[in-house]
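No lab work stands behind these numbers, since they all come straight from the coordinates. Predicted model, so just to flag it, every value in this text is computed and none were measured. Here the Cβ positions follow ideal geometry from the backbone for every residue, glycine too, while neighbour counts run over all protein chains shown.
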Amino acid sequence: MINTSEQILDVEKIRQDFPILQREINGKPLVYFDNAATSQTPKAVIDCIVDYYENKNANIHRGVHSLSQIATDAYENARETVRKHFNAKSANEIILTAGTTHSINLVANGYSHFLKSGDEILVSAMEHHSNIVPWQMLCNKTGATLKVIPMLNNGELDLQVFDDLLSERTKMVFVNHVSNALGTINPIEEIINKSHKVGAKVLVDGAQAAPHLKADVQALDVDFYTVSAHKICGPTGVGMLYGKEELLNELPPYQGGGEMIAEVSFEKTTYAGLPHKFEAGTPNISGGIAFGAALDYMNAIGFDKIADYEMQLLVYATKALEEIEGVRIYGAKPEKKTAVLSFNIEGIHPYDIGTLLDKMGVAVRTGHHCAQPIMSFYKIPGTVRASFSFYNTISEIDVFISALKKAKSMLS
Amino acid sequence: MSSIKTKQEDIIEEFSMFDDWMQRYEYMIELGKSLPIIDEKYKTEDNIIKGCQSRVWLYAEMDENQKIEYTADSDAIITKGIIAILIRVFSDEKPEHILEADTDFIDEIGLKEHLSPTRANGLVSMIKQMKMYAIAYNSQQNQA
């Protein structure tokens, strides 16, 4: 088992690419299992940011001087890398944002001009707060009604109720591709198809899917898709909003400022075309360029290999975890989710487990994972979430499991 | 030395006997288990301090000697252990002494991280709430 998993990827070599994986925490080698919160950054991406400030730094899209052109080319090349990765038809459909939350708010703000009382929007019960709150705000503003696609005990969405909720009143549907708290991979193809049949638009939050699988926005026929670079080996503060060109053209701009205009006078301003209409102000230039570098890095390893390898980690960890008495794992079976284990040990608070694991060098997330409705569903205060990445190893899982047993014995 | 300061010094001395983090935490877990639990009737929404990670309930009463008695609880045992330490220090003290005291001793016993606001375990707000009770009882006394 250990041998086969190591063979899919040369993990030891990959680990050399990540400077932070060499450090210690509380005197122990770092075991980083909080990848669903943010991924670590390979040297290639760090170097790209340094190179930008050492060699390319200039404001983009506005200078006639050479340096500005170099920076602009690098930024637009990154946009093209992102377009290619998600297979969008045109670079006009790739808005570089500050991340998923920003992307969702951009769309929610745009639709506040179109929705009215009597309209309905559907949101799944397993969303991150950032894919709930903007829509609640949108409903408050427009009088539209928010309805919830419930979840089942097995951590999957109740698609029968979804069918019943869909009607010609449904204008928009919001669902994550992968749940951040549980790792469930949602059947977004089916959700998109059915939603389109009633004329509803679909926004898929791809923040948790992007590190593990490559979404093809054309094949999915999704209307909007959002991603944060920092979950896929890129820097924080940058991300993507994909939107179908005709839909983005209809949406009014989100923020006013420089970059997003064609002509300005005090009587009337005309807006720039896509994608710049939604990119007011000087963007996170180095971040955008590094976002491209991060995708290049992950594609060089290969998403198929990453998925296969992470599945082996997940299966191994699930089996080891299930052998500990009192463990309850929340969510779907390994084959229906990404490399996330959300669990509790009977009678022990997740905060206590997380605190003791940290003392032993193991970083996990504890709490409600910004998905309180899921915790309410299971009637728990939170869970311990261990989330794996392609640079994690079987031996790190062994360290985690033995640390967990130690924590359990201290707390029981 | 004030009674609060003496209690803090005692705690620092107790913790200095531990060789490593594990003994420290085992002791805290023990303290957490032995914490006199808050009377169920005070475990109300009014008395809850919501942290993102763990929840804390706190209640305070003034006894006949004009000293404040705190009782508290938490759903996480390590949080409870720290509550037990804080209650030992601040309970059975006069409001004015509670208001003068600080919590620097927590750093000295190696538990500083638990009082970080980013930890979101409710303890920072709990200390604030303990002081609020002291302010309230203090002004009550001054009015009387």
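The table below lists the values:
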read-out: Trypsin sites (Lys or Arg not before Pro) restricted to region A:242-315 and DSSP loop, no more than 11 other C-beta within 10 Å; value: A:K268
read-out: 10 Å Cβ neighbours from other chains, averaged over peptide A:346-353; value: 6
read-out: Selection of trypsin sites (Lys or Arg not before Pro), region A:353-397, meeting DSSP coil and at most 13 other Cβ within 10 Å; value: A:K379
read-out: Shielding score for B:73-80, defined as the mean number of other chain Cβ atoms within 10 Å; value: 5
read-out: Antiparallel bridges, percent of DSSP beta bridges restricted to the protein assembly as shown (to nearest 5); value: 65
read-out: Within-15-Å neighbourhood charge of A:T269 [Cβ basis; K, R +1; D, E -1]; value: -1
read-out: Kirkwood Rh, Cα atoms: Rg over Rh of region A:294-412; value: 0.98
read-out: Phi-based couplings in Hz for region B:59-66 (Karplus 6.51, -1.76, 1.60; Gly and Pro marked x); value: 9, 9, 9, 9, 8, 5, 8, 6
read-out: Shielding by partners - mean other protein chain Cβ count within 10 Å, residues of A:354-360; value: 4
read-out: Cleavage-rule hits (GluC sites (Glu not before Pro)) in region A:327-412: DSSP loop, at most 15 neighbouring Cβ within 10 angstrom; value: A:E346
read-out: Relative contact order for region B:1-84, counting Cα pairs under 8 Å that sit 6 or more residues apart, in percent; value: 30
read-out: Sequence ranges A:221-229, B:62-70, A:72-80, ranked by mean other-Cβ count within 10 angstrom, highest first; value: A:221-229, A:72-80, B:62-70
read-out: Computed over region B:3-143, Kirkwood Rh from alpha-carbon pairs, angstrom; value: 15.3
read-out: Cross-link table A:K43/A:K405; A:K305/A:K337; A:K336/A:K405, entries beyond 23 Å C-alpha to C-alpha; value: A:K43/A:K405; A:K336/A:K405
read-out: Helix-derived mean residue ellipticity, 222 nm - over the protein assembly as shown, DSSP H n ≥ 4, -39500 (n - 2.57), to 500; value: -13000 deg cm²/dmol
read-out: For region A:1-97, alpha-carbon Rg and Dmax in angstrom; value: 18.5, 58
read-out: Given charges at Cβ of Lys, Arg, Asp, Glu: region B:3-143 dipole, positive-most of B:S91, B:T79, B:S3; value: B:T79
read-out: Whole-Å semi-axes of the protein assembly as shown's equivalent ellipsoid (Cα gyration tensor); value: 45, 29, 26
read-out: Within-9-Å neighbourhood charge of B:I68 [Cβ basis; K, R +1; D, E -1]; value: -3
read-out: Normalised contact order of region B:3-143, rounded percent, pairs of Cα under 8 Å and 6 or more residues apart; value: 28
read-out: Cα-based reach from B:K131 at 23 Å (exclusive), listing lysines while leaving out same-chain residues under 8 positions away; value: B:K5, B:K7, B:K41, B:K43, B:K50, B:K67, B:K80, B:K94, B:K112
